[in-house]
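**Q** Would you mind keeping the following structure in view while I ask a few things?
What follows draws every value from the coordinates through simple rules; no lab data is involved. All of these numbers come straight from a predicted model, not from anything done at the bench. Glycine also receives a Cβ, built like all others from the backbone with ideal geometry; neighbour counts cover every protein chain displayed.
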Amino acid sequence: MIANDFWTSDSCHIAVNPHRVEESHGLSEWAAEQGMRALCFFQTSGSEGAPKWVALPKLALLISAQAVNDHFDVIEADRWLIALPLHHVGGFSILARAHLSGSSFVQDTTRWQPQTFVVLCHHEEISLVSLVPTQVHDLVRDQITCPPSLRAAIIGGGALLPELAERAAALGWPIYQSYGMTEAASQIATQPYVADGTSRLAVLPLWQTRVDELSRLILSGSALAKGYASMNAAGHWSWQPIGAELVTRDIVQLSDQDTQRFIQILGRESGYVKILGELIHLAPLQARLEVMSVQRGLASPPVILSLPDARRENRLVLAATDTVSAALLEPFNAVTEPLCQMTEAILVPHIPRTSLGKIDHPALQRLFIN
C-alpha cells in the first residue's frame, strides 16, 4: 500500500495506472531533478484529450481529507472500503482520511462486481465507501439492498441522476453526491451530511469559490494542486504551474444561505457542440437519455456522440451496444427539439470507459474513425 512514514516523507509518489505504465516513464527521475518534494502525481481522467499529471502536495491531500472527515463525522471506529483505484485521487484520498481519523480500511482489489462488493461490505462491516455513478447504477440494476453497517456512500467522479439516486435510496443506500476534481485533492462540495431536505452541494470550508463572466468556476484554497507535469512528443517532461487560482471548465451557479455556500453544476464548457450555427449543450441531453435508460431498466445506457457533418458542422448519433438500447432513438427524438435530435443509432462493440467508469469520449470517437 504505502509506507508507514509516507505522509511525513519528502519522497514523491507517482500514482501509476497499471494498464498505462509507459505514460509515467521518466516522471519520477524528472521530478527529482527538478528538486520536487512531497508531491503526489495523479493523471487526469483523459476524457478530454491527452492526459496530464496533476502534482498534489501530500499536505493538500491531508487538508482535503480532514475537511471530508469533518463533514462526515469520521471517527476511529469507522471502517472504509476502497472500491476505487488507488491511481485515482478518489481512491487514494481514503488513505489520507483513514490516516488522520485512525479509522481502518479494506481495499477491494478484485474487478468490480456489485454482488462481491456487497458481500465484502457485510463481512467487513464497512461504514463508509466512495463510489462512482456507474457502480450505483449496477447496484440499482441488480436490486441490491444496502448493508446495515454502511452509513454513507459518497458518490463522485460524475453527476448522479436524481432518478438513480432515488432508486438507490429506496434500496437503503445512504447516497451523498459530491463534486470534486483531481486538482482539488478530491472533494470540493458535497451534499450536507445532516439531512436538511436539500439536494444542493455544500462547498467544503477550505475552498474559496467564484465565477467568471462565462460562469466557469474559479477555485482557490489550501488543498489546490501546484501544477501539471506533461510529456511532449519527444519524450521530454515540462511543468505548468497552476498558481493561486484554478479556472475550471465547469459551468456552475453559486448561492449563499446564512454562512454556507452552495454550488450547482450546470455543465462543462467542453460539453458543447455547434449544429447549424447553434451551440448545443450535450450534458442535459445525455442526462435525459440516461433517465429513459433507467426507466426501462437497461443494463448499459447508450451514449450521445457528436460526429462531424459537412452540412450541419456536427450531427448527433446514438452509440449503443445492443438493439434494445438502440431502440431509444425514436422515443428520445419524440421528446427532443429538432436541432438536438439524433440522426441514427449506431451499434458499437462496447462503450469505452475510464477506470472510474466515466465515458472515454476520445476512445469512443476512435471507434468511428478507425
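**Q** Pulled fully out, how much extra length does the chain show between residue 115 and residue 28, if you take 0.36 nm times their separation in residues and subtract their Cα-Cα distance? Mind showing how you got there, number by number?
**A** Values: separation 87, 0.36 × 87 = 31.32 nm, distance 3.81 nm.
Result: 27.5 nm gained on full extension.
**Q** Does region 204-317 classify as rounded, prolate or oblate by the C-alpha gyration tensor (a ≥ b ≥ c root eigenvalues; a/c under 1.5 gives rounded; else a/b over b/c gives prolate, otherwise oblate)?
**A** Oblate, because a/c is 1.5 or more while a/b does not exceed b/c.
**Q** Connecting C-alpha atoms closer than 10 Å in a GNM of the chain, tell me which of 234, 96, 185 has the biggest fluctuation.
**A** Fluctuation is largest for 234.
**Q** Then there's this: Taking the Cβ of residue 27 as the centre, find all other residues whose Cβ is under 14 Å away and add up their charges (Lys, Arg: +1; Asp, Glu: -1).
**A** -2
**Q** Further question: Given the C-alpha atoms of region 94-146, compute the convex hull and give its volume per residue in Å³.
**A** Normalising the Cα hull of region 94-146 by residue number yields 84 Å³.
**Q** Could I ask something else about it? What's the ranking of 126-136, 280-290, 237-247 by average number of surrounding C-beta atoms within 10 Å, highest first?
**A** Working: 126-136: 23.5, 280-290: 17.7, 237-247: 13.0.
Result, highest mean first: 126-136, 280-290, 237-247.
**Q** Let me ask something additional. Averaged over all directions, how much area does the convex hull of the C-alpha atoms of the chain cover when projected, in nm²? Display every interim value, and only then the final one.
**A** Working: hull surface 78.3 nm².
Averaged projected area of the chain's Cα convex hull equals 19.6 nm².
**Q** Rounded to the nearest 500, what is the chain's calculated 222 nm mean residue ellipticity when only DSSP H runs of at least 4 contribute -39500 (n - 2.57) each, over all residues? Working shown, then result.
**A** Working: 10 runs with 96 residues, N = 370.
Using -39500 (n - 2.57) per qualifying helix, the result is -7500 deg cm²/dmol.
**Q** Between residue 8 and residue 311, what is the spin-label point distance in nm, taking each point 7 Å from the Cα along the Cα→C-beta axis?
**A** Taking the simple label geometry, residue 8 and residue 311 are separated by 7.1 nm.
**Q** Pick out, from 148, 228, 171, the residue whose Cα sits farthest towards the positive end of the charge dipole of region 6-268, with +1 on the Cβ of Lys and Arg and -1 on the Cβ of Asp and Glu.
**A** 228
**Q** Just to verify a number: FRET efficiency for residue 145 and residue 194, C-beta to C-beta distance, R0 = 25 Å, to 0.05?
**A** 0.55
**Q** In whole Å, how far is the Cα centre of region 199-225 from that of region 74-129?
**A** Here the answer is 27 Å between Cα centres.
**Q** At 7 Å along Cα-to-Cβ for each site, give me the label-to-label distance between residue 276 and residue 234 in nm.
**A** 4.8
**Q** Let's see if you can work this out: charge +1 on each Lys and Arg Cβ, -1 on each Asp and Glu Cβ, no other charges. What is the dipole magnitude of region 1-99 about its Cα centre, in debye to the nearest 20?
**A** It comes to approximately 80 debye.
**Q** Counting only residues 5 or more places away or on other chains, whose amide H sits under 5 Å from the amide H of residue 280 once H atoms are built in the peptide plane?
**A** Amide H to amide H, under 5 Å and 5 or more residues apart or across chains, residue 280 pairs with 273, 274, 275.
**Q** What is region 6-268's relative contact order, in percent, from Cα pairs under 8 angstrom and six or more apart in sequence? Show your work: numbers first, answer last.
**A** Working: 502 pairs, mean separation 41.0, N = 263.
Contact order relative to length: 16 percent.
**Q** Just add up the charged neighbours of residue 255: K/R +1, D/E -1, any other residue whose Cβ is under 13 Å from the Cβ of residue 255.
**A** +1
**Q** I want to make sure I understand the PRE zone here: with the label point 7 angstrom from the Cα of residue 322 toward its beta carbon, which residues in region 115-153 have backbone N atoms less than 17 Å away?
**A** Backbone N within reach: 137-143.
**Q** Taking the Cα centre of the chain as origin, work out the dipole magnitude from +1 charges on Lys and Arg Cβ and -1 charges on Asp and Glu Cβ, in debye rounded to 20.
**A** Charge dipole of the chain: 400 debye, to the nearest 20.
**Q** In debye, nearest 20: dipole of region 167-281 around its Cα centre with unit charges on the Cβ of K, R (+) and D, E (-)?
**A** Result for region 167-281 is approximately 260 debye, rounded to the nearest 20.
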